[in-house]
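The values are calculated or read from the model by the stated rules, or taken from the named source; none is laboratory data. This one's a predicted model, so the numbers in the text were calculated from it and none came from an experiment. As a convention, Cβ positions derive from the backbone with ideal geometry for all residues, glycine included, and neighbour counts pool all protein chains shown. What goes into the accessible areas is simple: the full protein's heavy atoms, side chains included, and nothing from ligands, DNA or RNA. Shrake-Rupley method; radii C 1.70, N 1.55, O 1.52, S 1.80 Å.
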Amino acid sequence: MSNKIPPPLVTLFFGCCIYFSKDFFLAINFQGSSALSFVLILLGFGLLILAARSFKEHSTTINPIKIESASSLVTSGIFNYSRNPMYLGMVLILLGLSLKFNPIGGLILTALFIVFITRFQIKPEEKAMQKIFGEEFVNYINKVRRWL
């Protein structure tokens, strides 16, 4: 694969950018934003945990940098609804941080995160998965969306 930066580090980078760019954007606060932020972050971590548990149950790699070592295609559980629930969880975490610290800049940066992860992580993973699992993967991508 062409990308050698672990997605959690990419998420951390974008999260830091959301926080540290808050002074460059108009501050927007509304009642309940902290609670909604907390819920989004909690949902994001929940998706990460569910997806990681599914990988462990199927005894396959969770490491997206070494996708070639995948031993099985996980299509059950949370993977029935999204082909990339871990990346979706990361997006929810970034949206939660955005609501808390920087709604306008955070939305822009979260959109850039989605573009970056899709281009440099998801698409190369999909090519590798198709090479490894062939028709089984093609059938899966025809049934389940990339994000939601």
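Here is how the numbers come out for the structure above:
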read-out: Tally of Lys pairs whose C-alpha atoms are under 14 Å apart, taken over the chain, 8 or more apart or cross-chain; value: 6
read-out: Structure-based [θ]222 nm, the chain - -39500 (n - 2.57) summed over DSSP H runs of at least 4, per residue, nearest 500; value: -20000 deg cm²/dmol
read-out: Length-normalised contact order of the chain in % [C-alpha pairs under 8 Å, at least 6 apart]; value: 37 percent
read-out: Hull volume in cubic angstrom per residue (convex hull over the Cα atoms of the chain); value: 99 Å³
read-out: Neighbourhood charge, 14 Å Cβ-Cβ cut-off, centred on Ile122 and excluding it, Lys, Arg +1 and Asp, Glu -1; value: +4
read-out: Gaussian network model of the chain, springs between alpha carbon atoms under 10 Å - residue of Phe25, Phe14, Phe120 with greatest fluctuation; value: Phe25
read-out: Extension reserve of the Lys143-Ile65 stretch, reckoned as 0.36 nm per residue once the Cα distance is removed; value: 25.6 nm
read-out: Cβ-defined net charge surrounding Ile28, 13 Å radius [Lys, Arg +1; Asp, Glu -1]; value: +2
read-out: Highest-first arrangement of 43-55, 95-107, 130-142, where packing means the average Cβ count within 10 Å; value: 95-107, 43-55, 130-142
read-out: Residue-normalised accessible area of the chain, given per residue in Å² at a 1.4 Å probe; value: 58 Å²
read-out: Pairwise centroid distance, computed over Cα atoms, of segment 1-59 with segment 88-142, Å; value: 11 Å
read-out: Sulfur and carbon atoms: percent of accessible area, segment 1-93 [1.4 Å]; value: 69 percent
